[in-house]
Amino acid sequence: MAAAAYGAHGLRRSDRDEYQKELYETANRYHLLHSLALLAAPHCRRPALAGSLLCAGIGFFCFPLYYHGLSGDPGFNRAAPLGGTLLILGWGAMAL
């Protein structure tokens with residue numbers, strides 16, 4: 001919630017370009033959605049697997065986008081596809 005508040009108010013009047021703001025908003029949206037999915041992980045057949053995959057996916061997907069959105073440095077962007085893959089696998093683990 002703190003990241004959402006910062007994105008809504010702190011980035012509004014910043015010198016960052018629209019692409020950086022969009023990256024930050026995307027990271028925040030996926031972070032919130034998958035944090036809510038983590039609440040359902042204990043109710044699936046393999047909660048440790050699903051929770052681990054979702055947590056790792058959030059870290060590897062959202063952190064590079066947050067970092068790039070805040071700093072303008074795309075240095076960690078190579079981790080985002082791995083994070084997206086982990087998020088997909090986490091959803092798959094929840095479905096099984």
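Bear in mind these aren't lab numbers, they're just calculated from the coordinates by the rules spelled out. For clarity, every value in this text was computed on a predicted model and none was experimentally measured. Note: ideal-geometry Cβ built from the backbone for every residue, glycine included; neighbour counts use all protein chains shown.
The 3J(HN,Hα) values that the Karplus relation (6.51, -1.76, 1.60; θ = phi - 60°) gives for segment 65-72 are, in residue order, 6, 4, 4, 5, x, 8, 9, x Hz. Gly and Pro appear as x.
Extending 7 Å from Cα along the Cβ direction at residue 45 and again at residue 17 yields two label points whose distance is 4.7 nm.
Each other residue within a Cβ distance under 14 Å of residue 96 adds +1 if Lys or Arg and -1 if Asp or Glu, for a net charge of +2. Sparse packing (at most 14 other Cβ atoms within 10 Å of the Cβ) combined with a DSSP loop state is found for the following trypsin sites (Lys or Arg not before Pro) in segment 18-89: 45. Rounded if a/c is under 1.5, else prolate if a/b is larger than b/c, else oblate: which is segment 13-96, with a ≥ b ≥ c the root eigenvalues of its Cα gyration tensor? Prolate, since a/c reaches 1.5 and a/b exceeds b/c.
Our coupling estimate for segment 85-91, obtained by passing each phi through the Karplus curve with A = 6.51, B = -1.76, C = 1.60 and θ = phi - 60°, is 5, 5, 5, 4, 5, x, 5 Hz, Gly and Pro reported as x.
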